[in-house]
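Below: one structure, written as structure tokens.
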Amino acid sequence: MSAERAKESGDSARSASRLSMSGRSLVVAALGASVALVVAYLAAGGGDYEPTAVADPCAPREWRDPEGIEESAQQFALSALDGAACELQVSRETLAVALATPDSREQFAAEYGIEDAELEAAVRAGVVRAIDDAERADALNPLVAEGLRAVAARLPVDEGIALIGDASELFDGTGGVLDDLGGALDRAGGLLP
């Protein structure tokens, strides 16, 4: 029996040795692959990575060719945020986060020392900038844009923020704000010489 045990224990030792060699080979291969990955990353310029700079909200931003209500509404929102952020000298992203809730608005105003009247004026200026941009992009009729500018001058801040959040009604031809304003302008057009 001892010969059999010796043979079994010899077989076990050889199996353990093969597993150990196989395990070591896997570790060495994994380390080699890791080093190769790091070298490839650095060769591809990964060591020079810098995040994209935040866009200047005061710089003009051209509208891409809007195809539909949603794209026009998105571009309107971005233009309005840019305009308001420019007035307040903050980034568009900072202002977007600040306008998300009344609490975040209060925290933003306290952190940046902005009075309610200043925030209201900035939101109105942003809405007017978006109207101007939409008119330049032919997304709004000039007569409609003029009427919207007059409305924006007296727009309550909560309404302005809601408009920035979803301007789709401005561009919706099925009962949106433009239909109401367009109908009034059409009626007024008959009164003009």
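Summing Lys, Arg as +1 and Asp, Glu as -1, what charge do residues with Cβ under 10 Å from the Cβ of Phe171 carry, Phe171 excluded?
-4
Excluding Glu120 itself, calculate the net charge of residues whose Cβ lies under 12 Å from the Cβ of Glu120, where each Lys or Arg counts +1 and each Asp or Glu counts -1. It would help to have the intermediate numbers written out before the result.
Working: positive: Arg105, Arg124, Arg154; negative: Glu87, Glu115, Asp116, Glu118, Asp158, Glu159.
Local charge sum for Glu120: -3.
Please sort 90-99, 75-84 by packing, taking for each peptide the average over its residues of neighbouring beta carbons within 10 angstrom, highest first.
Top of the packing list down: 75-84, 90-99.
Where a number appears in this text, it was derived from the coordinates with a stated rule and is not lab data. Keep in mind that what you see is a predicted model, and the values were worked out from it rather than measured. Virtual Cβ from ideal backbone geometry, glycine too; neighbours counted across all protein chains shown.
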